[in-house]
1. Of everything in segment 19-75, what is closer than 30 Å to residue 95 by Cα and outside any helix (DSSP H, G or I)? Give them in sequence order.
2. Just checking, does segment 82-97 include any residue being open to solvent by 70 Å² or more (accessible area, probe 1.4 Å), modelled with pLDDT under 95 and touching a Leu at 6+ places or on another chain (Cβ under 9 Å)?
3. Of all the helices (runs of 4 or more DSSP H) wholly in segment 259-356, which have at least 2 residues that are within 26 Å of the chain's Cα centre (by Cα)?
4. I need a count of the residues in segment 21-77 that are touching a Lys or Arg at 6+ places or on another chain (Cβ under 9 Å), in contact (Cβ under 8 Å) with a residue 24 or more places away in the chain and surrounded by fewer than 18 Cβ atoms within 10 Å (Cβ to Cβ).
5. What are the pairs with Cβ atoms under 9 angstrom where one residue, in segment 131-154, is within 20 Å of residue 42 (Cβ to Cβ) and the other, located anywhere, is open to solvent by 10 Å² or more (accessible area, probe 1.4 Å) and β-branched (Val, Ile, Thr)? Sequence gap at least six, or different chains.
6. Kindly indicate whether any position in segment 117-129 is under 19 Å from the mean Cα position of the chain (by Cα), in contact (Cβ under 8 Å) with a residue 60 or more places away in the chain and under 23 Å from residue 53 (Cα atoms).
7. Just to be sure I understand the filter: pairs with C-beta atoms under 6 Å, separated by 6 or more residues or on different chains, first member in segment 288-306 and within 17 Å of residue 334 (Cβ to Cβ), second member not in a helix (DSSP H, G or I). Which pairs pass?
Amino acid sequence: MVFSQYGSIFSVFLFTLLLIPAVILNLCGKRIKYYGMLLNIPMLIFLLGLHSLQMLQFLVFIVCELILIYGYYFLHKRVKGNGLYYFAMAASMLPIFVIKLCVYTPYDMLGFVGISYISFRIWQLIIEIHDGHIEKFDFLSTVYFITFFPTLSSGPIDRYHRFLADLGNVVPKKEYVEKYLIFGLMRIGKGMLYKFGLAFIINQYIIRALPEVHTVWSTVIYMYAYTLYLFFDFAGYSHFAIGTSYILGIKVGENFNKPFLAHNMKEFWERWHMSLSQWFGDYIYKRFVLNTLRKKIFKSRKTASRWGNMVTMLVMGIWHGPYLFYILYGLYEGGALVVTDIYLKSKVYRKFKQMKCYDVVSRIVCFQVIAFGMLLFSGYMFAF
């Protein structure tokens, strides 16, 4: 039997029950680490199926990527230049590129649940090795980090050193109950409300009730309904993942922080899917800006930064899938960030920020920009 991770009340209930031994271990002053590693096995079987094609692909992928990571780890100091680094990155990215492009072939059954988020962890490890931030590996901890089941299919995207720091802790009983167990259960409860309550109602009674023939009015309704639905559905998943992680002693970072209260699109991306935004910011945007300035491709940091926003958001759009509407979404979000940057540096913004209506008007206008972006992301306008 295969379960969709956090896709039903039953799967959430089952996963929560399997966390009970972790709670008992901590209350007895024992490390949760090894139980979490052990629990990964049945969880992956639940999510992928024991004898499924997904499980076979998962095992082959993990083995090959671990060989690649450890091979690069042992060779990178012995090989001069960045050639080996570029090869390791390209090789680690090849599977997901192939899987994404398979939608245009008869072999679109390739891929498995969680490959995107596992890939982020693998790329992070290779980059951190290259930058000299990883001096040694613990094999079991590395495998656990890469395959950590609570965040497998929906994030948030964690960082290796932060994960290991939590993994090695034995949290005092009182602190665990107050700051891990109760907090985790509350987040799981909030996820239930978001996903199986609010998201379900919006999808069932608004989105599905729209006529099949698209009109201007139905498109407008869909735009706002889908924006809210996507937030409650995805934030619900994130609450489940965060709550489960905390009960296992891992303080996974937040993914959402009231994104629809943002005053502008720069602030929105600091509040929406924050772990993904931060990952792209650290490993694509900052490196793009730094490298283009070093190579004097751009004369000013301002120009490099704006091109960095365009490139980063375009990559993010393509990462979601090789479809035109995802590419347009990436270009739209990149353009919105560029316009926002110009606006925030203008006299108009400085004067407007002093007005009493600034908070309300900025948030209303920003939400319209957000909602239209979500409409592009949904592909609704292309579904004729």
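1. 49, 50, 51, 52
2. no
3. On the way: elements: 265-269, 274-280, 286-294, 301-320, 324-344, 347-352.
Counting at least 2 such residues, we get 265-269, 274-280, 286-294, 301-320, 324-344.
4. 2
5. 143/62; 146/62; 147/62; 151/157; 152/113; 153/113
6. Our first condition is that a residue be under 19 Å from the mean Cα position of the chain (by Cα); within segment 117-129, this holds for 117-128.
Imposing the further condition that a residue be in contact (Cβ under 8 Å) with a residue 60 or more places away in the chain reduces the set to 120, 123-124, 127.
Right, trim to under 23 Å from residue 53 (Cα atoms) and you get 120.
Checked against the condition, which is being under 19 Å from the mean Cα position of the chain (by Cα), in contact (Cβ under 8 Å) with a residue 60 or more places away in the chain and under 23 Å from residue 53 (Cα atoms), segment 117-129 yields at least one hit.
7. Listed pairs, sorted by first residue: 292/298; 304/298.
The values are calculated or read from the model by the stated rules, or taken from the named source; none is laboratory data. It should be emphasised that the depicted structure is a prediction, and the values quoted were computed from it without experimental measurement. All Cβ positions, glycine included, derive from the backbone under ideal geometry; neighbour counts span all protein chains shown. Calculation scope for accessible area: heavy atoms of the full protein, side chains included, ligands and nucleic acids excluded. Shrake-Rupley method; radii C 1.70, N 1.55, O 1.52, S 1.80 Å.
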